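Novice: Right, I'll just put the structure down here and ask away after.
The values are calculated or read from the model by the stated rules, or taken from the named source; none is laboratory data. This is a predicted model, so every value here is computed, not measured. Neighbour counts are summed over all protein chains in view; Cβ atoms, including those assigned to glycine, are modelled from backbone coordinates with ideal geometry. Each accessible area value is taken on the protein alone, full model and side chains, heavy atoms only, with ligands, DNA and RNA left out. Shrake-Rupley method; radii C 1.70, N 1.55, O 1.52, S 1.80 Å.
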Amino acid sequence: MTTPPSADSTRDRIVAAATAEFSRYGIAGARIERIAKAAKTSKERLYAYFRSKEGLYQFVAAQELAAVAEATRMDPSDLPGYAGRVHDYFVRHPDRLRLMNWGRLEFGGGDAADEATRETVRRKAAQLSKAQEAGQLDAAWDPVDVLVFVNQIAMSWAGQLDLVEAAGDHVRDPSVAARRAAVVAAVQRLFPASAG
């Protein structure tokens with residue numbers, strides 16, 4: 001017996017097509033016509049679900065933030081492990097890193113940052129603050145600095161592994177595993193757990 005198609009299958013196709021389109025072209029370069037065509041629907045139907053291209057991007061980006069959070073699970077008492085998971089996620093999914101970077105480039109952050117991003121930052125900063133209060137993390141650091149530094153270190157090799165090849169003989173170990181080990185070691189040196 002076959003399952004009837006989901007009532008939201010059109011919406012799901014739109015979101016999948018938009019995710020691919022935004023990853024490839026960014027927000028400004030994305031075209032609603034291409035998204036609708038890839039989703040096998042009309043522009044009018046697309047706009048019935050999402051009022052604007054920017055609104056569609058924000059929905060897609062919020063879904064990606066949730067997917068990253070689920071796949072990487074930040075544990076403030078083990079930031080090196082978290083950094084390794086973030087590294088692994090974006091090395092496996094460089095298109096998703098591009099998707100997130102387009103938003104930062106085109107919306108510019110600050111007041112333009114969407115609510116999903118602000119909520120993610122607030123929630124993770126609160127987790128880090130609690131870890132500091134419990135003595136699991138050096139309280140001298142601002143929790144937001146910890147979050148930004150760990151994430152930037154974790155994502156540093158995603159989408160740039162070609163630099164290893166460009167370095168030629170100056171690289172001791174050209175493997176992806178060596179890049180991951182460097183990420184984890186850097187975070188461990190910056191943010192070791194306090195003995196509290």
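Novice: Taking the 0 to 90 degree range and rounding to the nearest ten, how far is the long axis of helix 79-92 tilted relative to the main principal axis of the chain, both from C-alpha atoms?
Specialist: Roughly 40 degrees between the two axes.
Novice: Can you give me the distance in nm between label points at Ala116 and Gln152, each placed 7 Å from the Cα along the Cα-to-Cβ direction?
Specialist: 2.4 nm
Novice: Could you give the size of the charge dipole of the chain about its Cα centre, using +1 on the Cβ of each K and R and -1 on the Cβ of each D and E, expressed in debye and rounded to the nearest 20? Could the numbers behind the result be given before it?
Specialist: Values: 26 positive and 25 negative charges, 139 e Å.
Rounded to the nearest 20 debye, it is 660 debye.
Novice: Between Ala16 and Val144, what FRET efficiency follows from the Cβ-Cβ distance if R0 is 35 Å, with the result rounded to 0.05?
Specialist: Taking R0 as 35 Å, the efficiency between Ala16 and Val144 is 0.60.
Novice: How far is helix 53-72 tilted, in degrees, relative to the longest principal axis of the Cα atoms in the chain, given as a value from 0 to 90 rounded to the nearest 10?
Specialist: Here the helix axis deviates by roughly 40 degrees.
Novice: Using 1/(1 + (r/R0)^6) with R0 = 25 angstrom and r between the beta carbons of Glu33 and Arg92, what's the FRET efficiency to the nearest 0.05?
Specialist: Taking R0 as 25 Å, the efficiency between Glu33 and Arg92 is 0.25.
Novice: Separate question: Looking only at segment 86-108, which residues have a backbone nitrogen under 16 Å from a spot 7 Å from the Cα of Ala182 in the C-beta direction?
Specialist: 87-88, 91
Novice: Pop the C-beta distance of Ser77 and Ser52 into the FRET formula with R0 = 30 Å and round what comes out to the nearest 0.05.
Specialist: Result of the calculation: an efficiency of 0.15.
Novice: Still on this structure, I have one more. Leaving out same-chain residues fewer than 8 places away, which aspartates and glutamates sit with a Cα under 12 Å from that of Lys43?
Specialist: Glu33
Novice: Rank Ile153, Ile32 by accessible area, highest first, at a 1.4 Å probe radius?
Specialist: Reading off the accessible areas and sorting them downward yields Ile153, Ile32.
Novice: Let me ask something else about it. For log10 I(q)/I(0) by the Debye sum over Cα atoms at q = 0.09, 0.14, 0.16 Å⁻¹, which listed value, (i) -0.29, -0.73, -0.98; (ii) -0.43, -0.90, -1.05; (iii) -0.37, -0.85, -1.08, comes from the coordinates shown?
Specialist: Entry (ii).
Novice: State the percentage of accessible surface on the chain attributable to carbon and sulfur atoms; use a 1.4 Å probe and exclude ligands, DNA and RNA.
Specialist: 54 percent
Novice: Of Thr41, Phe191, Ala178, which is farthest towards the positive pole of the chain's charge dipole, taken about the Cα centre with +1 and -1 on the beta-carbons of Lys, Arg and Asp, Glu respectively?
Specialist: Value computed over the given set: Thr41.
Novice: With axes computed from alpha carbons, what is the tilt in degrees of helix 176-190 against the longest principal axis of the chain, rounded to the nearest 10 within 0 to 90?
Specialist: Compared with the principal axis, the helix lies near 60 degrees.
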